[in-house]
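Undergrad: A single structure is presented below for examination.
The values are calculated or read from the model by the stated rules, or taken from the named source; none is laboratory data. Predicted, not measured: the structure shown is a model, and the values here were computed from it. Note: ideal-geometry Cβ built from the backbone for every residue, glycine included; neighbour counts use all protein chains shown.
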There are 2 protein chains.
Amino acid sequence: MADTETARETLLGRPLVVFFAPRTGAVIGATETPGSVGRTILWNLIRSPFGGTVFPVNPKRPSVLGIKAYPKIGDVPERVDLAVVVTPAPTVPGVINECVAAGVKGAVIISAGFKEAGPEGAALERQIRERARRGKMRIIGPNCLGVMSPLTGLNATFAGAMARPGSVGFISQSGALCTAILDWSLRELVGFSAFLSIGSMLDVGWGDLIDYLGDDPRTRSIVIYMESIGDARAFLSAAREVALTKPIIIIKAGRTEAAARAAASHTGSLAGSNEVLEAAFRRSGVLSVNHIADLFYMAEVLSKQPRPKGPRLTILTNAGGPGVLATDELILQSGELAELSNETIEALDRILPPHWSHGNPIDILGDAGPDRYAKAVEIAAADPNSDGLLVILTPQAMTDPTRTAEQLQAFAKLEGKPILASWMGGAEVAEGEGILNRANIPTFSYPDTAARAFHYMWLYSYNLRGLYETPTPAGD
Amino acid sequence: MADTETARETLLGRPLVVFFAPRTGAVIGATETPGSVGRTILWNLIRSPFGGTVFPVNPKRPSVLGIKAYPKIGDVPERVDLAVVVTPAPTVPGVINECVAAGVKGAVIISAGFKEAGPEGAALERQIRERARRGKMRIIGPNCLGVMSPLTGLNATFAGAMARPGSVGFISQSGALCTAILDWSLRELVGFSAFLSIGSMLDVGWGDLIDYLGDDPRTRSIVIYMESIGDARAFLSAAREVALTKPIIIIKAGRTEAAARAAASHTGSLAGSNEVLEAAFRRSGVLSVNHIADLFYMAEVLSKQPRPKGPRLTILTNAGGPGVLATDELILQSGELAELSNETIEALDRILPPHWSHGNPIDILGDAGPDRYAKAVEIAAADPNSDGLLVILTPQAMTDPTRTAEQLQAFAKLEGKPILASWMGGAEVAEGEGILNRANIPTFSYPDTAARAFHYMWLYSYNLRGLYETPTPAGD
């Protein structure tokens, strides 16, 4: 498994590496009970090989799923990097004590019944934290789905499937949302460099994970589902640093008071004031979105295209209506249409039929073939008054969605100017959509969604610009 | 074709019936030139039989595509119900004269080059209108894609495919948007009772078509893409009447000033002030949405479920996070969470594990099986403080998405209370989604989209309530 080795080398030496590329792992509470979490996690670690050894720990059985088991973690004959703990909450402080004594470097606590269950659970968390800190052991959880590292093969979760390898680092504070997103990502072919649920953040929190994924060269964007910020200072300082090199996109649940109350009953922690948080996100260069769907759109868009240097979008279309709908959404999001320069209008006059719109949106008319698209895009892209392009295609009598997509590939890497596309329709445009997506031109079913995505890109640039201008603490 | 006959009988006697269920049709300007509109329309009329006869009209050929052709419409040996005109703009006034003389009842003018092309084109339109009015002939177009009536089989358009039969009446002011929506509907299995592009509304306008589709028992909802309102009084008066019995959902392009300017250059007509229009829509009981995707979501939701009597939504979920996200969207749209009655809380206490959320969203916890879902939904549905239900499912260890969907079917028809669902994920929930959709419980991939759909349903109810309260002209 040379690839796994390479991935491990890349990650070595960073504090949380043990959670993503362990050499040895133990499942404390491994059982054979069908449908149990202790069985599913052991099986997931075995069926998706991570290149290391797995040890079941169970005081009552000589083996679990045919693998030799040990009564206690201290009995395992090798030093264990990562322990996955699934025993009942009251037993966990003792288990962690034993892990520390055995030199375990990190533990993922899957078990529930802590802070979210009341004061006794909170007391258990305090005991665990104290023991782990003394023993310099890091902990993810409790009350979480676990950790997947698709690039090393590690699946230390009780999810029903393994995520695809890719470049998105996804951190969720809801295990259930993780499983839904995982299922969705397998259908949409979205791949991950890391995929984890962090539970109630007894130890490892947002700041640690953003730092870690920020340093990881295989992670190109960080996508976060957050219910509570926890250690706000750690989050913001990590985000400030990492956002400069890779996008951090967040959806914060509990943005409204009613929802925040619901979140509090769910996680046992109160969400902070929304206005304060949103301002803090902006100042840290984090892009905050409002819909689950936007999370992954934006991860894709920001990892495929350069950020715009300004808010002015040029829309190029073979049909008036979709151009107007895209304009509506752009303006409603407080975006701007680029004003075409005289040079651009003259150049377009030379290649377009006389009836073209003579303005932005640039309507190159219903009979536009691939060549007209390519020439018009080239001219529009050169306009210094424009900060980005949205190319819309609707299937009409003379339209060739596939060949037009092929022609557009040449513009996939415009200097400092993003290009997005909307190939509208179903089967007729599917091949073209595929070509554009593979050429790193993000493609949307609806032109209004594409216009919103461009505006979000600009907001991200704008937030980052604020970051460069704000003085950072000495030593940064 | 008994079914076609039935459809025709149902429609007989209404003024626009000739456009949807003609007995005879002619294509004026039919040719064999590959890729031409005149060839495509003739071929579409032949390959999708509408149960009547088609006559090509071409002064230069004895036959077109093997079908006997006639030099002029007056030469056709039978009385022609519907003429489809594709000849160049300057010839159209003469063609319409001949149609009137030959007793043609209706014409669809596909040709472009009228109002949108300048003052000469506008003059041609005036001539055509005058002649048609004198001859009592109705006209759809010019500058349009044409008309499809999937229930009779008629395809009088130059689109590349035929729409599926169904219950949505779709009217678009953009032919290009039509073709994109058509392509999309074939993939998503959305069916239509009528599917047409109305072009620049020289004669038949919004009011006529809303009246017609309002009377058509096969049309359960009317979906409109509008660029300009044209005869506002006719639109509003038809909408007021029809909205009481079936939903009218509209997306208005050019809601922002920048977009309205673009629309003006595109259609040759200025969009009215947005505020005035939106107020007029509300007072007419029309639901105006902001995104293309919402158009069809809402057509589906409103045709499958009863309208809520108030704004208060109850959310029932097996995971906290998605419930919180749905709450955020509901509140951001100015919706309301239902406050559970004491009876409801006590009843839920009897059937749920002690850790349930004790509030709305009702978190029935991650280990909820089909029976717990069914019992909790039954209790929540009976609460008089609630106006509708959203049931969310995320695939977790003990979840059975398919059997839970089966259990939910029993609640598809709650008395005066809509039920929506969000089965989150991909392959694991696909079968359950299918079961729910077939049981008329609209199902969404994202819970926040579902919450927005509920709020739109309430807005529709609210607009209608205003309609009942406003005095209508005497005789209504």
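Yes or no, residue by residue, for (1) farther than 30 Å from residue B:56 by Cβ; (2) surrounded by fewer than 23 Cβ atoms within 10 Å (Cβ to Cβ); (3) modelled with pLDDT of 95 or more; (4) not assigned by TED's automatic domain parsing to the domain that holds residue B:20:
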{"position": "B:182", "(1), (2), (3), (4)": "no, no, no, no"}
{"position": "B:185", "(1), (2), (3), (4)": "no, yes, no, no"}
{"position": "B:188", "(1), (2), (3), (4)": "yes, yes, no, no"}
{"position": "B:214", "(1), (2), (3), (4)": "yes, yes, yes, no"}
{"position": "B:257", "(1), (2), (3), (4)": "yes, yes, no, no"}
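Undergrad: Could you please give the count of residues in segment A:181-195 that are away from every other protein chain (no Cβ under 14 Å) and aliphatic (A, V, I, L, M)?
TA: Matching residues across segment A:181-195 total 1.
Undergrad: What pairs come up if the first residue lies in segment B:68-82 and is farther than 16 Å from residue B:94 by Cβ, the second is of a type outside the set (A, V, I, L, M, F, W, C) and assigned to a loop (DSSP other than H, G, I, E, B), and their beta carbons are under 6 Å apart, counting only those six or more places apart or on different chains?
TA: What qualifies is B:69/B:58; B:69/B:61; B:79/B:103; B:81/B:22; B:81/B:23; B:81/B:105; B:82/B:22.
Undergrad: May I pose another question? So, of the residues in segment B:224-240 that are part of a loop (DSSP other than H, G, I, E, B) and within 12 Å of chain A (Cβ to nearest Cβ), which turns out to be surrounded by the most Cβ atoms within 10 Å (Cβ to Cβ)?
TA: Within segment B:224-240, the match that is surrounded by the most Cβ atoms within 10 Å (Cβ to Cβ) is B:227.
Undergrad: I'd like to know if segment A:367-389 contains one or more residues that are facing chain B (nearest Cβ under 10 Å) and either among the small types (Gly, Ala, Ser) or touching a helix residue (DSSP H, G or I) at 6+ places or on another chain (Cβ under 7 Å) (or both).
TA: no
Undergrad: Still on this structure: When only residues in segment B:337-362 that are at pLDDT below 95 and either under 19 Å from residue B:424 (Cβ atoms) or in contact with a strand residue (DSSP E or B) (Cβ under 8 Å, 6 or more places away or on another chain) (or both) count, which is farthest from the other protein chains (Cβ to nearest Cβ)?
TA: B:356
Every residue, every condition in (1) of a type in the set (Gly, Ala, Ser); (2) touching a residue at least 60 places away in the same chain (Cβ under 8 Å), yes or no:
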| residue | (1), (2) |
| --- | --- |
| B:397 | yes, no |
| B:403 | no, no |
| B:407 | no, no |
| B:411 | no, no |
| B:418 | no, yes |
| B:432 | yes, no |
| B:447 | no, yes |
| B:457 | no, yes |
| B:464 | no, yes |
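Undergrad: Here is a follow-up. Give the residue, chosen from A:216, A:203, that is more than 14 Å from every other protein chain (Cβ to nearest Cβ), in contact (Cβ under 8 Å) with a residue 60 or more places away in the chain and within 15 Å of the chain's Cα centre (by Cα). Spell out how you get there, then give the answer.
TA: Numbers: A:203 fails: within 15 Å of the chain's Cα centre (by Cα).
The match here is A:216.
Undergrad: Confirm whether residue B:452 is part of a helix (DSSP H, G or I), closer than 21 Å to residue B:321 by Cα and basic (Lys, Arg).
TA: yes
Undergrad: Could you say whether any residue in segment A:119-132 is surrounded by fewer than 18 Cβ atoms within 10 Å (Cβ to Cβ), touching a Leu at 6+ places or on another chain (Cβ under 6 Å) and farther than 21 Å from residue A:24 by Cβ?
TA: Yes, segment A:119-132 contains at least one residue that is surrounded by fewer than 18 Cβ atoms within 10 Å (Cβ to Cβ), touching a Leu at 6+ places or on another chain (Cβ under 6 Å) and farther than 21 Å from residue A:24 by Cβ.
Undergrad: Inspect all residues belonging to segment A:385-394 and state whether any of them is in a helix (DSSP H, G or I), at pLDDT 95 or above and of a type in the set (A, V, I, L, M, F, W, C).
TA: No.
Residues checked against (1) closer than 16 Å to residue A:455 by Cα; (2) assigned by TED's automatic domain parsing to the domain that holds residue A:458; (3) crowded, with 24+ Cβ neighbours inside 10 Å:
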residue: A:276; (1), (2), (3): no, no, no
residue: A:282; (1), (2), (3): yes, no, no
residue: A:294; (1), (2), (3): yes, no, no
residue: A:315; (1), (2), (3): yes, yes, yes
residue: A:318; (1), (2), (3): no, yes, yes
residue: A:325; (1), (2), (3): yes, yes, yes
residue: A:328; (1), (2), (3): yes, yes, yes
residue: A:339; (1), (2), (3): no, yes, no
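Undergrad: Can you tell me which residues in segment B:262-290 are at pLDDT below 80 and in contact with a Leu (Cβ under 9 Å, 6 or more places away or on another chain)?
TA: Answer for segment B:262-290, where residues must be at pLDDT below 80 and in contact with a Leu (Cβ under 9 Å, 6 or more places away or on another chain): B:262, B:263, B:264, B:271.
Undergrad: Go through segment A:415-431 and give me each residue that's touching a helix residue (DSSP H, G or I) at 6+ places or on another chain (Cβ under 7 Å) and surrounded by fewer than 18 Cβ atoms within 10 Å (Cβ to Cβ).
TA: Scanning segment A:415-431 gives A:427, A:431.
Undergrad: In segment A:156-198, which residues are under 18 Å from residue A:219 (Cα atoms) and in contact with an Asp or Glu (Cβ under 8 Å, 6 or more places away or on another chain)?
TA: A:169, A:190, A:193, A:194
Undergrad: Also, quick follow-up: Can you tell me which residues in segment A:341-386 are more than 22 Å from residue A:423 (Cβ to Cβ) and among the acidic types (Asp, Glu)?
TA: A:343, A:346, A:349, A:383
Undergrad: In addition: For residue A:148, are the conditions met, namely being assigned by TED's automatic domain parsing to the domain that holds residue A:167 and in contact with a Gly (Cβ under 8 Å, 6 or more places away or on another chain)?
TA: Spelling it out, it is not the case that residue A:148 is assigned by TED's automatic domain parsing to the domain that holds residue A:167 and in contact with a Gly (Cβ under 8 Å, 6 or more places away or on another chain).
Undergrad: Next up: If a residue has to be part of a strand (DSSP E or B) and out of contact with any strand residue (DSSP E or B) (no Cβ under 9 Å at 6 or more places or on another chain) to count, how many in segment A:142-160 make the cut?
TA: Final tally of qualifying residues: 0.
Undergrad: Need the failing condition index for residue A:403 against (1) surrounded by 14 or more Cβ atoms within 10 Å (Cβ to Cβ); (2) more than 14 Å from chain B (Cβ to nearest Cβ); (3) more than 35 Å from the chain's Cα centre (by Cα), just the number.
TA: Single failed check for residue A:403: (3).
Undergrad: Right, something else. In the set A:175, A:169, which member is crowded, with 22+ Cβ neighbours inside 10 Å and within 12 Å of chain B (Cβ to nearest Cβ)?
TA: From the options A:175, A:169, the qualifying one is A:175.
Undergrad: Right, something else. Any idea which of B:410, B:430, B:405 is of a type in the set (A, V, I, L, M, F, W, C), in contact with a Gly (Cβ under 8 Å, 6 or more places away or on another chain) and part of a helix (DSSP H, G or I)?
TA: The conditions single out B:405.
Undergrad: Just checking, which of B:300, B:336, B:329 is touching a Pro at 6+ places or on another chain (Cβ under 6 Å), touching a residue at least 60 places away in the same chain (Cβ under 8 Å), closer than 29 Å to residue A:330 by Cα and among the acidic types (Asp, Glu)? Steps first, answer last, please.
TA: Details: B:336 fails: touching a residue at least 60 places away in the same chain (Cβ under 8 Å); B:329 fails: touching a Pro at 6+ places or on another chain (Cβ under 6 Å).
So the residue among B:300, B:336, B:329 that is touching a Pro at 6+ places or on another chain (Cβ under 6 Å), touching a residue at least 60 places away in the same chain (Cβ under 8 Å), closer than 29 Å to residue A:330 by Cα and among the acidic types (Asp, Glu) is B:300.
Undergrad: Looking only at segment B:341-371, count how many residues are out of contact with any Ser or Thr (no Cβ under 9 Å at 6 or more places or on another chain) and either closer than 12 Å to residue B:316 by Cβ or not assigned by TED's automatic domain parsing to the domain that holds residue B:317 (or both).
TA: Result for segment B:341-371: 3.
Undergrad: Also, I was wondering about something else. Taking residue B:437, is it surrounded by fewer than 24 Cβ atoms within 10 Å (Cβ to Cβ) and within 24 Å of the chain's Cα centre (by Cα)?
TA: Against the criterion (surrounded by fewer than 24 Cβ atoms within 10 Å (Cβ to Cβ) and within 24 Å of the chain's Cα centre (by Cα)), residue B:437 qualifies.
Undergrad: May I ask you to say which residue of B:198, B:210 is surrounded by 24 or more Cβ atoms within 10 Å (Cβ to Cβ) and either within 14 Å of another protein chain (Cβ to nearest Cβ) or in contact (Cβ under 8 Å) with a residue 60 or more places away in the chain (or both)?
TA: B:198
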